[in-house]
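Data block below; observations after.
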Number of protein chains: 2
Amino acid sequence: MSTAGFAVKGTKRAKARDALIPKQYWVAEKDLPPADQKSVVGLLSPLLTKKEIEIVSILDVTALLEKIHSRQLTSVEVLEAYVKQTIFTQQLVRVLTETMIPEAFENAKALDKILAETGKPVGPLHGLPISLKDQFHIKGYELNIGYVSRIGTVSDRHCTLVDLLVKAGAVYYVRTNLPQNIMRGEVDNFVYGLTTNPSNRDLTPGGSTGGEGALLAMHGSPLGVGTDIGGSVRIPAAFCGIWSLRPSYHRVPYQWAANSMLGQEAVPSVIGPMSSSYTGLVEFMKAIAAQEPWLYDPIVLEKPWNETAFETPQKKGKLSFAMMWDDGVTRVHPPITRAEKAVVAALTAAGHEVIDWSPVDHVEGTSILDVVYKADGGKDIADECAASGEPILPGLGEGASKHLTVWEAWQLNKRRDAYRKTYLDAWNASAAKTSSGRPVDAIISPVAPFVAAVLTENDNLDYTSIWNLLDYPCVVFPTGLRVDPKIDTGKVGGEPIPGTRDKTNADRWEEHGAVGYENAPIGLQVVGRRGREEEILGIAKVLGQAIKQI
Amino acid sequence: MSTAGFAVKGTKRAKARDALIPKQYWVAEKDLPPADQKSVVGLLSPLLTKKEIEIVSILDVTALLEKIHSRQLTSVEVLEAYVKQTIFTQQLVRVLTETMIPEAFENAKALDKILAETGKPVGPLHGLPISLKDQFHIKGYELNIGYVSRIGTVSDRHCTLVDLLVKAGAVYYVRTNLPQNIMRGEVDNFVYGLTTNPSNRDLTPGGSTGGEGALLAMHGSPLGVGTDIGGSVRIPAAFCGIWSLRPSYHRVPYQWAANSMLGQEAVPSVIGPMSSSYTGLVEFMKAIAAQEPWLYDPIVLEKPWNETAFETPQKKGKLSFAMMWDDGVTRVHPPITRAEKAVVAALTAAGHEVIDWSPVDHVEGTSILDVVYKADGGKDIADECAASGEPILPGLGEGASKHLTVWEAWQLNKRRDAYRKTYLDAWNASAAKTSSGRPVDAIISPVAPFVAAVLTENDNLDYTSIWNLLDYPCVVFPTGLRVDPKIDTGKVGGEPIPGTRDKTNADRWEEHGAVGYENAPIGLQVVGRRGREEEILGIAKVLGQAIKQI
């Protein structure tokens, strides 16, 4: 790293972050795995007691909440366990941007006292430690979203999400790393540096919510919150082997959260939960809906939690899925295909139906997105970087379209809606292919044409961003499979697709082979109809049980 | 009118429209009221039979539907009555842009046949004639939204709304007039000319959906459909003395409808029903929701009709209203205040509570709207007018802000959302002022600071557009009162509000006096919380009953 002013400021800020972490949580250098050890997933902080090991091993958030609410565990002891494992994770893969550890213990203690005195949790997330991407303002703490220009900015209020999480009883304790501009599928910036993947430290954890992905995969947090405008809660979930939900627009309150390109609405960013357990997603969505966020954030739709919609797919018996083997633009690497086949086999064995999904002109969809994401001609990132002198990182700001006028943006909106219509019609038309005569319940799709990418190579977000454009809710699930050089010996299948990024992707598999991606978890996503978070969570539960991940 | 090319084309098109109307529906000149007779409201076509007079006098759409569905009336005879009264209305105040009369009779006949054979209506609006603003494409008919440049454009498909209305059993038969660019509170354009107000032909029927307003007030249609981006279904309803609903965004499908500024989403235009009866609004909304419009238009929110939300205010006993006497920017003319007082008295007498509403910085709200509506720097209207050479009418295209860049539009969106937040908080805070301790159920507000404006003087849409910015659903209701020179002898009350359009408005009352607005109906609007169409319709029913308009 250069010693330019921006770099000095970034380094200083990272040190200030470290200084806030109580010393007793740092693990001695000698007790850390060697720097060249690729996989660190599954390692536990040597500081954890036996009971604390049990705590961070409770992967079911509902079960953890029950233990806290029934006073089998205190919030303080749960927090202590997660803090220890978080700092250990930080030492291994660098996930943190800010910590609130002393305050978190105060808050946990207060919650324990209330529960002891009243016997009643203050809310559905009472006592649960929760980690947050570095976009969610917490009063009194610095938040800079990884921009050197924003170093030193202390938040004067909670964002609405944090307000509601506190109201629901959650205990915030750390915030996590993200890429410059929050518009990239990896995590690196000039303040907090690079985050790597616990399953293989030569790989990216994905982005933009990659700090969360890595932390959750290491069991450093039971429940995390990220944002997603093109795949940012899904790519890290898939690359790190955990669960996440991308809700539809305006379900979870974004008010007063920091972001790049604030005010951009053609394809809005959304907030979604990430967790090493499926139940973490459900608990988060139920808890937020129960706070009636539409009474706080005027943009949030008034949609109480719909238990019927959640339960219906679970009671339906036979569900109809459509498998999108690839997007018709970029063929997927062999481990993805292996996981897809395993999921189809498991679903079929469980009595469900899986038809093939024909992707609907994803070239058009992603071409629209290319313009949407850079409709300001790169002004947002250019201004932010110019303010400190930090350079724009590769993959960002390049190939920006011209800065559109409002009228040009209106034409783009029309083109986007025409695309949405073709997809809606295609989904409706799937009724002709199912045994029930009803449209498919969900589409299963890769999250990327590769598993966790080699660092700097995650330059294809097409498999996630298409669902942002369509505003379909998605649940990323771990298949339980990992890249194995003994098994993943094949080549990229099918015929090369000319005029696309397909060749680059196939070449990378040739170049790195399974060894290059060794131990990377293989995640997929299940995609529902617009606005149906409860339904897709219900479907994901059925699917997760069929593949024995729940 | 000049004989410029655009004017010649417009006149020719208007004649072509007339030529499509079967001759037997035109009333002889000698049987029309004199041209200088101001009020024509209540007049009936001399061609109507006694039974047809009974039909157009059924002001309750639910009752009319019941008579058709129970085969007490055929769709054909209902249509015949409305067609006669429509053409008579056209002769008096010029409301039409296009007619589909022969096809309408074919469709009505087919529906009658189905009902006779099966005993079952095809849908909830089976057999009901329905009139449409000139934005809704109907396959095979010319649609030009009053732009000379679009003359000769024949629609190659129905817009989604028309598809769903047909599916629900409605019978389209006419389309109605609107202003150039659809962005004005009056109705005039170079194709179909000026529409006037049946209650006083020196006044405007309001706009932009003024053709509907005038037609419905004359009982030329039982149910009409308009659009509203700044008051366009509400101003005509108030000015003409009928009912209308402005739903929240994305409830009623806009797909493939024509509009100016298509793709503009900062404050989207919405579609809403207009009717001389309250029940027309409910029947329309129930019928559209029942068609599951979200399966056809990807932008529509998946919200089935919520009968519980509709019934709750009706069962609540005591409701809490807040009266916004004026918007703090422009004082209202004396008849408006008189109507407000009458409504408060009636509600109070019926056991409801009415507190005062303090408008929340409407100057900021309408300043944001000034930029939103002209964010393209006037390009949309300039391009359309340039294409034919028609001039831009006064009040349109003037004072356009610069053509914004996308980045500038993002900043405007942020300002808009901050404003929305202040209003949301104010609504929540009203709980401190009600006897129930809950926030008010609804706000009652003027629709304009005047009743139906003298032609060319409707230059203040602030009282309606503010609710578009906030996305609050509104029901316009007739108070049953009209301007009466014997009663409305007062002056504009309160103190002049400096630095605003207040003085112009007060001066107009001085200039015209009650005589200038004689017989204009006085309507008000009742405003609900975002996304709650059912609730505001339920509240409007309670209110309408209290003031004896239902």
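Distance cut-off 20 Å, Cα to Cα: go down the list B:Lys139/B:Lys379; A:Lys318/A:Lys433; A:Lys286/A:Lys421; A:Lys402/B:Lys402; A:Lys414/B:Lys374; B:Lys486/B:Lys541 and report the pairs above it. Don't skip to the end; give the middle numbers.
Details: B:Lys139/B:Lys379 29 Å; A:Lys318/A:Lys433 15 Å; A:Lys286/A:Lys421 30 Å; A:Lys402/B:Lys402 18 Å; A:Lys414/B:Lys374 18 Å; B:Lys486/B:Lys541 31 Å.
In this structure, B:Lys139/B:Lys379; A:Lys286/A:Lys421; B:Lys486/B:Lys541 lie more than 20 Å apart at Cα.
When you count, for each residue, the other Cβ atoms within 10 Å and take the mean per peptide, how do B:70-78, A:32-40 rank with the highest first? Please report the intermediate quantities before stating the final value.
On the way: B:70-78: 17.7, A:32-40: 12.9.
Final packing ranking: B:70-78, A:32-40.
Within 10 Å of each Cβ in B:295-303, how many Cβ atoms from other chains are there, averaged over the peptide?
Numbers: counts 6, 4, 4, 14, 6, 2, 6, 7, 4.
Across B:295-303, the average partner-chain Cβ count within 10 Å equals 6.
Let me check the size of region A:181-283 from its C-alpha atoms; what are the radius of gyration and Dmax in Å?
My reading of the Cα-based Rg and Dmax gives 13.0, 37 Å.
For the pair A:Lys402 and A:Lys30, how long in nm is the line joining their label points, each one 7 Å along Cα→Cβ?
6.6
In deg cm²/dmol and to the nearest 500, what is the mean residue ellipticity at 222 nm of chain A if only DSSP H runs of at least 4 residues count, each as -39500 (n - 2.57), divided by the residue total? Kindly include the intermediate steps, with their values, before the conclusion.
Values: 17 runs with 213 residues, N = 550.
Taking each H run of at least 4 residues, the total per residue is -12000 deg cm²/dmol.
Semi-axes of region B:11-94's equivalent ellipsoid from the Cα gyration tensor, sqrt of 5 times each eigenvalue, largest first, rounded to whole Å? Spell out each step's value before the answer.
Working: eigenvalues 134, 52, 24 Å².
Working through the eigenvalues yields semi-axes of 26, 16, 11 Å.
What does the highest-first list of A:461-469, A:184-192 look like by mean Cβ count within 10 Å?
Values: A:461-469: 25.7, A:184-192: 27.2.
Going from most to least packed, we get A:184-192, A:461-469.
Find the all-direction average of the projected area of the Cα convex hull for region A:33-305, expressing the result in square nanometres with one decimal place.
Values: hull surface 52.4 nm².
Taking the Cα atoms of region A:33-305, their convex hull projects to 13.1 nm² on average.
Quick one: if you stick a label point 7 Å off each Cα along the C-beta vector at A:Lys433 and B:Ala349, how many nm between them?
The two pseudo-label positions are separated by 6.6 nm.
So what J values fall out for region A:206-220 if you push phi through Karplus, 6.51 cos²θ - 1.76 cosθ + 1.60 with θ = phi - 60°, rounded to Hz, Gly and Pro as x?
Taking θ as phi minus 60°, the curve returns x, x, 7, 8, x, x, 4, x, 5, 5, 5, 5, 8, 6, x Hz for region A:206-220.
Scan around A:Ile355 for amide H atoms under 5 Å from its own, H built in the peptide plane at 1.01 Å from N, and keep only partners 5 or more places away or cross-chain.
Those lying under 5 Å, H to H, from A:Ile355 are A:Phe321, A:Ala322, A:Met323.
Which value results when the Cα radius of gyration for region B:408-472 is divided by 2.2 N^0.38 Å? Kindly include the intermediate steps, with their values, before the conclusion.
Details: Rg = 15.5 Å, N = 65, 2.2 N^0.38 = 10.7 Å.
Normalised by 2.2 N^0.38 Å, the Cα Rg of region B:408-472 equals 1.44.
Along Cα→Cβ at 7 Å, what distances in nm separate the B:Gly389 label point from those on the other copies, shortest first?
Ordered by distance, the counterparts are at 6.2 nm.
Running Debye on region A:1-54 with equal point scatterers at the Cα sites and no solvent, what base-10 log of I(q)/I(0) appears at q = 0.19, 0.23 Å⁻¹?
Computed log10 I(q)/I(0) values: -0.91, -1.00.
What nm distances, shortest first, do you get from the label point of B:Asp507 to those in the other copies when the point sits 7 angstrom along Cα to Cβ?
7.2
Return P(r) of region A:308-547 (all Cα-Cα pairs; 5 Å bins starting at 0; whole %; ordered from short to long distances).
With a bin width of 5 Å, the distribution comes to 1, 6, 12, 15, 17, 15, 13, 10, 6, 3, 1, 0.
Kindly provide the pair-distance distribution of region A:397-526 built from C-alpha pairs, with 10 Å bins from 0 and whole-percent values in order of increasing distance.
10, 28, 33, 23, 6, 0
Per residue of region B:442-447, in order, report the coupling 6.51 cos²θ - 1.76 cosθ + 1.60 (Karplus, θ = phi - 60°) as ³J(HN,Hα) in whole Hz, putting x for Gly and Pro.
Running phi through 6.51 cos²θ - 1.76 cosθ + 1.60 with θ = phi - 60° gives 7, 9, 9, 9, x, 9 Hz.
Amide H to amide H under 5 Å from B:Asn197: which residues, 5+ apart in sequence or cross-chain, H placed 1.01 Å off N in plane?
Here B:Leu203 satisfy the definition.
Per-residue mean of other chain beta-carbon atoms within 10 angstrom of the beta-carbon, peptide A:369-382? Provide the component values of the computation, followed by the final result.
Working: counts 0, 0, 0, 1, 0, 1, 5, 6, 3, 0, 5, 3, 0, 0.
Mean shielding by partner chains, rounded to a whole number: 2.
Take peptides B:503-513, A:378-388, A:518-528 and line them up by average Cβ neighbours within 10 Å, highest first, as a rough protection proxy.
Values: B:503-513: 16.1, A:378-388: 18.0, A:518-528: 26.1.
Averaged packing, sorted descending, gives the order A:518-528, A:378-388, B:503-513.
Can you work out the base-10 log of I(q)/I(0) for region A:280-365 at q = 0.11, 0.15, 0.24, 0.26 1/Å, using the Debye formula on its C-alpha atoms alone?
Treating every Cα as an identical point scatterer, log10 I(q)/I(0) equals -0.56, -0.87, -1.05, -1.15.
May I ask you to report, in nm to one decimal and beginning with the shortest, the distances from B:Lys486 to the same position in the other copies, taking label points 7 Å along Cα-to-Cβ?
Taking the point 7 Å beyond Cα along Cα→Cβ, the inter-copy spacings are 10.2 nm.
Percent of Cα-Cα pairs more than 36 Å apart in chain B, please. Before the final figure, lay out the partial values.
Numbers: 42053 of 150975 pairs.
I get 28 percent for the Cα pairs in chain B exceeding 36 Å.
Between A:Leu262 and A:Gln72, what length comes free when the chain is fully extended (0.36 nm per residue of separation minus the Cα-Cα distance, one decimal in nm)? Could the numbers behind the result be given before it?
On the way: separation 190, 0.36 × 190 = 68.40 nm, distance 4.32 nm.
So the chain would gain 64.1 nm between A:Leu262 and A:Gln72.
One quarter of the convex hull surface, Cα atoms only: what value does that give for the protein assembly as shown in nm²?
Numbers: hull surface 180.4 nm².
Result: 45.1 nm².
How crowded by other chains is B:263-269, given as the mean number of beta carbons from other chains within 10 Å of each beta carbon? Mind showing how you got there, number by number?
Working: counts 13, 5, 6, 3, 0, 0, 0.
Partner-chain Cβ atoms within 10 Å, mean over residues of B:263-269: 4.
Starting from the 7 Å offset along Cα-to-Cβ, what nm value, one decimal, do you get for the label separation of B:Thr504 and A:Asp383?
Those two pseudo-labels are separated by 3.2 nm.
Determine which aspartates and glutamates satisfy two conditions relative to A:Lys84: a Cα distance under 18 Å, and not lying fewer than 8 residues away in the same chain.
A:Asp18, A:Glu29, A:Asp31, A:Glu52, A:Glu54, A:Glu98, A:Glu103, A:Glu106, A:Glu212
Laboratory data are not the source of any read-out in this text; all were calculated from the coordinates shown. Keep in mind that what you see is a predicted model, and the values were worked out from it rather than measured. Every residue, glycine as well, gets a Cβ built from its backbone with ideal geometry; the counts of neighbours run over all protein chains shown.
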